[in-house]
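Everything below concerns the one structure shown next.
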Amino acid sequence: MKRSYLLAVAAAVLFFAPVLTQATTTNFTLVSAGSNVDSGVYVGPYTAQITGGGTIQFICDNFNTTVWLGINWNAVANNLTNPSFLSQVKLAGSSTTGKSALQNYEAAAWLAEQIMANLSNSKTVGDMQYALWAIFSSSAKSSPGFTSGAASWYNLAINGSYTTSEFANVTFWTPNPLNASQEYISITPTPEPSGLLLLGTGLIGLAGVLRRKRA
């Protein structure tokens, strides 16, 4: 019984443990650009096959690098909680905002979260994606896709107030070498508070059953 109880607790710890992303290198193959096209450009989210694993959906922050289906590249995972974050990402020196590099990447992380939360609205996704691209690219900011809607999201994002800790679930995948591909952003879903409560009560119930079995 004691061993079973410890295994249940260990499983719970693994479930709640944060995804390890920093300094992780992964090999990707781009398999889909999605079906959402805005002003002649695929606005994603894109899907890539992980070599030796499953697939991942992510958002592109890099307007000026061309990619194609089947492109294969290595990327290093990084997130904003890493003290060395800005020295490792691709676009820290590119900006149209007049804000700090950290503020730009926080704004990009926030927009990526909004995109993933609004996938059912293709027009909103397009506006958000162009807003994200425009943070780092003057070409995106002057393109037909940068509509008044995109400009509104852009201004909202770059003027937001953020803390790096709120983006612990946001991973930036920086190509290695930098010219190998675009830089992408993935969002790890976080369990809803009610789901966490249910899991916790379920584990307590499991422990009770195990104790009763021993008795």
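The values are calculated or read from the model by the stated rules, or taken from the named source; none is laboratory data. Predicted, not measured: the structure shown is a model, and the values here were computed from it. Methodologically, a virtual Cβ is constructed for each residue, glycine included, from the backbone with ideal geometry; neighbour enumeration extends over all protein chains shown.
With the condition kept exactly as written, say whether any residue in the stretch 105-114 is surrounded by 23 or more Cβ atoms within 10 Å (Cβ to Cβ), within 20 Å of Thr163 (Cα to Cα), under 15 Å from the mean Cα position of the chain (by Cα) and of a type in the set (Ser, Thr, Tyr). Give the derivation first.
Start the filter on the stretch 105-114 by keeping residues that are surrounded by 23 or more Cβ atoms within 10 Å (Cβ to Cβ), which leaves 105-109, 111-112.
From what's left, within 20 Å of Thr163 (Cα to Cα): 105-109, 111-112.
Next, only the ones that are under 15 Å from the mean Cα position of the chain (by Cα) stay: 105-109, 111-112.
Filter again for of a type in the set (Ser, Thr, Tyr), leaving 105.
Yes, the stretch 105-114 has at least one match.
Within the stretch 75-89, track down each residue that is surrounded by fewer than 22 Cβ atoms within 10 Å (Cβ to Cβ), in contact with a helix residue (DSSP H, G or I) (Cβ under 8 Å, 6 or more places away or on another chain) and closer than 16 Å to Asn179 by Cα.
Matches in the stretch 75-89: Val76 only.
Name, by its number, the condition in (1) touching a strand residue (DSSP E or B) at 6+ places or on another chain (Cβ under 8 Å); (2) closer than 19 Å to Val89 by Cβ; (3) modelled with pLDDT of 95 or more that does not hold for Val19.
(3)
Residues to consider are Leu69, Leu119; find the one that is part of a loop (DSSP other than H, G, I, E, B), in contact with a Pro (Cβ under 8 Å, 6 or more places away or on another chain), surrounded by fewer than 17 Cβ atoms within 10 Å (Cβ to Cβ) and among the hydrophobic types (A, V, I, L, M, F, W, C).
On the way: Leu69 fails: in contact with a Pro (Cβ under 8 Å, 6 or more places away or on another chain).
Leu119 is the lone residue from the list that is part of a loop (DSSP other than H, G, I, E, B), in contact with a Pro (Cβ under 8 Å, 6 or more places away or on another chain), surrounded by fewer than 17 Cβ atoms within 10 Å (Cβ to Cβ) and among the hydrophobic types (A, V, I, L, M, F, W, C).
For the stretch 36-61, which residues satisfy the criterion of being in contact with a strand residue (DSSP E or B) (Cβ under 8 Å, 6 or more places away or on another chain) and within 25 Å of Ser138 (Cα to Cα)?
Matches in the stretch 36-61: Asn36, Val43, Gly44, Pro45, Tyr46, Phe58, Ile59, Cys60, Asp61.
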